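Right, one structure below, let's go through it.
The values are calculated or read from the model by the stated rules, or taken from the named source; none is laboratory data. Treat the numbers as computed from the prediction; the structure is a model and nothing was measured. Note that we place each Cβ from the backbone using ideal geometry, even for glycine, and neighbour counts take in every protein chain shown. In case anyone asks, the SASA skips ligands and DNA or RNA and just uses the protein heavy atoms, side chains included. Shrake-Rupley method; radii C 1.70, N 1.55, O 1.52, S 1.80 Å.
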Amino acid sequence: MTGHWSRLPEQRTSAVGLTGPELVTWIRDLQATLALDLGFLSRALDERYPRPDAVRDLGERLLDLGRALIRRADHLNEIVLASLPAHGWLPQAGAPENAARLAHQVGRRPLRCGPVYLGLCGAACYPVFGQDPHDHTKRYARCADCQSKGGAAMLRE
């Protein structure tokens with residue numbers, strides 16, 4: 001096949017070590033060569049004797065990239081989790097002035113949307129207390145929707 005990054009570099013045993021720019025380079029290389037690879041493969045598969053090595057090479061390239069992206073996402077998720085309270089409850093962002101502010105559960109894989117995190121119920125939450133060593137989120141009532149969606153069981157050990 002034609003790609004520069006046809007396989008994960010041998011000196012890298014873990015994609016966690018791959019930086020964002022390295023992954024982007026890998027993706028761009030795959031994007032640049034994929035049209036040629038697919039054209040070749042579609043012709044080869046229509047032939048009487050297709051080349052299994054070419055099909056396998058593309059499959060391995062895609063698997064390597066997928067594994068690298070998943071490992072990188074897991075690593076980034078660990079960084080995010082280290083900055084949040086272990087119990088996963090964050091205060092609601094933008095609550096009306098006279099309304100009681102609720103705490104929402106963000107789950108094991110928090111979804112970040114700009115400076116806020118989305119609770120299990122979809123509410124926007126601020127990570128204002130960081131790891132919350134003094135348990136400041138205790139002062140907020142917990143969202144019933146988040147609790148019904150498994151928020152009580154989301155505590156991290």
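For region 111-135, give me the residue count where each residue is in contact with a Gly (Cβ under 8 Å, 6 or more places away or on another chain) and modelled with pLDDT under 85.
Number of matching residues: 0.
Anything in region 107-117 that is in contact with a strand residue (DSSP E or B) (Cβ under 8 Å, 6 or more places away or on another chain) and crowded, with 17+ Cβ neighbours inside 10 Å? List them, or say none. Reasoning before the result, please.
Of the residues in region 107-117, the ones in contact with a strand residue (DSSP E or B) (Cβ under 8 Å, 6 or more places away or on another chain) are 110-113, 116-117.
Answer for region 107-117, where residues must be in contact with a strand residue (DSSP E or B) (Cβ under 8 Å, 6 or more places away or on another chain) and crowded, with 17+ Cβ neighbours inside 10 Å: Pro110, Val116, Tyr117.
Can you name every residue in region 18-36 that is surrounded by 14 or more Cβ atoms within 10 Å (Cβ to Cβ) and modelled with pLDDT under 80?
Going residue by residue through region 18-36, those that are surrounded by 14 or more Cβ atoms within 10 Å (Cβ to Cβ) are 18, 22-23, 25-27, 29-30, 33-34.
Leu18 - this is the single residue of region 18-36 that is surrounded by 14 or more Cβ atoms within 10 Å (Cβ to Cβ) and modelled with pLDDT under 80.
For the condition touching a residue at least 24 places away in the same chain (Cβ under 8 Å), of a type in the set (Gly, Ala, Ser) and closer than 17 Å to Cys125 by Cβ, what is the one hit in Gly114, Gly107?
Working: Gly114 fails: touching a residue at least 24 places away in the same chain (Cβ under 8 Å).
Of the residues listed, the single one that is touching a residue at least 24 places away in the same chain (Cβ under 8 Å), of a type in the set (Gly, Ala, Ser) and closer than 17 Å to Cys125 by Cβ is Gly107.
With respect to Arg7, is the statement that it is basic (Lys, Arg), at pLDDT 65 or above and open to solvent by 70 Å² or more (accessible area, probe 1.4 Å) true? Walk me through it before giving the result.
Working: basic (Lys, Arg): yes; at pLDDT 65 or above: no; open to solvent by 70 Å² or more (accessible area, probe 1.4 Å): yes.
The answer is no for Arg7.
Across region 77-106, what is the number of residues that are open to solvent by less than 20 Å² (accessible area, probe 1.4 Å), in contact with a helix residue (DSSP H, G or I) (Cβ under 8 Å, 6 or more places away or on another chain) and either under 14 Å from Gln147 (Cβ atoms) or outside any loop (DSSP other than H, G, I, E, B) (or both)?
Adding up the residues that qualify gives 7.
Do you know which of the residues in region 136-157 that are more than 23 Å from Pro96 (Cα to Cα) and modelled with pLDDT of 75 or more is least open to solvent (accessible area, probe 1.4 Å)?
Initially, region 136-157 is screened for residues more than 23 Å from Pro96 (Cα to Cα), giving 148-157.
Narrowing further to those that are modelled with pLDDT of 75 or more: 148-149.
Details: Ser148: 92, Lys149: 114 Å².
So the residue we want is Ser148.
Has region 76-95 got any residue that is of a type in the set (Asp, Glu) and more than 23 Å from the chain's Cα centre (by Cα)? Steps first, please.
Filtering region 76-95 for residues of a type in the set (Asp, Glu) gives 78.
In the following step, the residues that additionally are more than 23 Å from the chain's Cα centre (by Cα) were identified as none.
Among the residues of region 76-95, not one is of a type in the set (Asp, Glu) and more than 23 Å from the chain's Cα centre (by Cα), which makes the answer no.
Pairs please, first residue from region 86-102 and more than 19 Å from Pro115 (Cβ to Cβ), second anywhere and open to solvent by 20 Å² or more (accessible area, probe 1.4 Å), Cβ atoms under 6 Å, 6+ apart in sequence or on different chains.
Note: pairs meeting the criteria are Ala86/Arg156; His87/Leu155.
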